[in-house]
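Visitor: Below is one structure. I have some questions about it.
Every read-out reported here was derived from the displayed coordinates using simple, explicitly stated rules and does not represent laboratory data. On a predicted model such as this, the values are computed, not experimentally measured, just so you know. Virtual Cβ from ideal backbone geometry, glycine too; neighbours counted across all protein chains shown.
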Amino acid sequence: MTHRHASAVPAGARVMTRGVVFVHSCPRAVTSHVEWVLGDVLGTQVHLEWTEQPVSAGAYRAELSWTGPAGSAARMVSDLHAWGRLRLEVTEEPTASTEGERFAATPSLGIHRAIIGAHGDIMITEERLRAAMSRARLSGQPLEIELDELLGGAWDQELEPFRYAGENNSVRWLHHVG
């Protein structure tokens, strides 16, 4: 007897989700490229409202709330990080069939990815925790250092001044078309 398992998503169907892009610091010359990358990933034209980033002379910041196919956050951060000199965060909400994600990227640290739960908390898998305990034991460093790495502490520390500089700015919503 053959058993068929019902799929939460029909074959060929795209799982849709939503998230937010925070471009904390971007050189003026790259702003149009950021809009192009976001538009390419989301399948629609994107025009962001850029404001000066007071923490970094000559830099600009923008925010975008988006709706699009699951996996869009990974594509966005990968494509945007390739431009260099950007500080950004991209979130993607979990769905019935995909994990939520939070990405942080800086020129000096690269990209950090974390799984996020329904309430926005970072979720660390058992295997990653065991590996962190093993690294701490082998290196003689406190476990707190390894855990801070898993939580993206270095990225949070670098991005924190840029986040506060953006308080009181509005967020635009963009929905996937098509």
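Visitor: Once Lys and Arg get +1 and Asp and Glu get -1 on their Cβ, which of Pro27, Val55, Ala73 lies farthest toward the positive end of the dipole of region 8-156?
Guide: The listed residue farthest towards the positive side: Pro27.
Visitor: Continuing with the same structure: Rounding to the nearest 20 debye, state how big the charge dipole of region 31-114 is about its Cα centre with +1 on each Lys and Arg Cβ and -1 on each Asp and Glu Cβ.
Guide: Computed charge dipole of region 31-114: roughly 280 debye.
Visitor: Could you please rank Arg102, Arg163, placing first whichever residue has the fewest other Cβ atoms within 10 Å of its Cβ?
Guide: Arg163, Arg102
Visitor: I need the peptides 74-83, 91-100 ranked by packing, meaning the mean over residues of other C-beta atoms within 10 angstrom, with the highest value on top.
Guide: 74-83, 91-100
Visitor: Okay, moving on. Could you list Leu88, Leu138 so that the one with the fewest beta carbons within 10 Å of its beta carbon is first and the one with the most is last?
Guide: Placing the least packed residue first, the sequence is Leu138, Leu88.
Visitor: Here's something else I'd like to know. In debye, nearest 20, what is the charge dipole magnitude of region 37-178 about its Cα centre with +1 on Lys and Arg Cβ and -1 on Asp and Glu Cβ, if you could check?
Guide: 280 debye
Visitor: Right, another one. Mean separation of Cα pairs under 8 Å and 6+ residues apart, divided by the residue count of region 24-67: what relative contact order is that in percent?
Guide: Relative contact order, region 24-67: 45 percent.
Visitor: Right, here's the next one. By its C-alpha gyration tensor, with a ≥ b ≥ c as the square roots of the eigenvalues, how is region 56-119 shaped: rounded for a/c under 1.5, else prolate for a/b larger than b/c, else oblate?
Guide: Prolate.
Visitor: Given the C-alpha centroids of region 82-135 and region 34-76, what is the distance between them in whole angstrom?
Guide: Region 82-135 and region 34-76 have Cα centres separated by 18 Å.
Visitor: Give me the percent relative contact order of the chain, please, defined on Cα pairs under 8 angstrom at least 6 residues apart.
Guide: Dividing the mean separation by the residue count of the chain yields 24 percent.
Visitor: With a/c under 1.5 counting as rounded, go ahead and sort the chain into rounded, prolate or oblate using the C-alpha gyration tensor (a ≥ b ≥ c being the square roots of the eigenvalues; past the cut-off, prolate if a/b is larger than b/c, else oblate).
Guide: oblate
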